[in-house]
Amino acid sequence: MKKLLIPIVALLLFGCDQTPRTGADGYQFGEKQYTQTKISVELVLYPTREELDREINRRKLNTETTRVVAFTSLYKDDPTRCTIHMMDPAVEYAPEFVGHEFLHCVYGQWHKNNKSR
């Protein structure tokens with residue numbers, strides 16, 4: 001009986017945990033817009049923070065509550081294609097944001113309604 005009780009308790013404690021988890025980037029994964037398993041990813045690497053900021057400002061991506069550090073362009077006419085804009089990792093290494101942006105390529109606007117940091 002004791003051998004059966006331990007797995008049951010473990011399932012109850014860990015198996016049903018659906019609490020959203022916040023990633024190292026400060027975001028929680030929300031609802032998928034779509035799922036793309038075959039994609040073409042283009043990287044636009046910026047050699048300075050000033051150049052990336054200039055592009056972010058040109059596209060009006062900063063808000064009062066969010067400072068954009070990388071972003072992804074998605075294409076309505078071809079959802080298998082995306083472009084990730086980020087700092088060159090040789091200049092500023094931030095893998096948590098690369099992964100975040102890649103998930104936009106795969107799942108679309110999954111945090112559109114989430115509160116970001």
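Some values worked out for this structure:
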{"item": "Strands (runs of 3 or more DSSP E) completely within the range 30-117 that count 3 or more residues being in contact (Cβ under 8 Å) with a residue 12 or more places away in the chain, of a type outside the set (S, T, N, Q) and surrounded by 14 or more Cβ atoms within 10 Å (Cβ to Cβ)", "result": "40-46, 81-87"}
{"item": "Scope the range 19-41; condition among the charged types (D, E, K, R) and more than 16 Å from the chain's Cα centre (by Cα); matching residues", "result": "Lys38"}
{"item": "Scan of the range 35-49 for residues that are of a type outside the set (Val, Ile, Thr) and in contact with a helix residue (DSSP H, G or I) (Cβ under 7 Å, 6 or more places away or on another chain), ordered by number", "result": "Gln36, Tyr46"}
{"item": "Every pair of residues 6+ apart whose Cβ atoms lie under 8 Å, when the first sits in the range 13-28 and is under 17 Å from Val68 (Cβ atoms) and of a type in the set (Phe, Trp, Tyr) while the second is modelled with pLDDT under 65 and not in a helix (DSSP H, G or I)", "result": "Tyr27/Asn114; Tyr27/Ser116; Tyr27/Arg117"}
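The values are calculated or read from the model by the stated rules, or taken from the named source; none is laboratory data. These figures come from a predicted structure and were not determined experimentally. Positions of Cβ are generated from backbone atoms using ideal geometry, with glycine treated the same way; all protein chains shown enter the neighbour counts.
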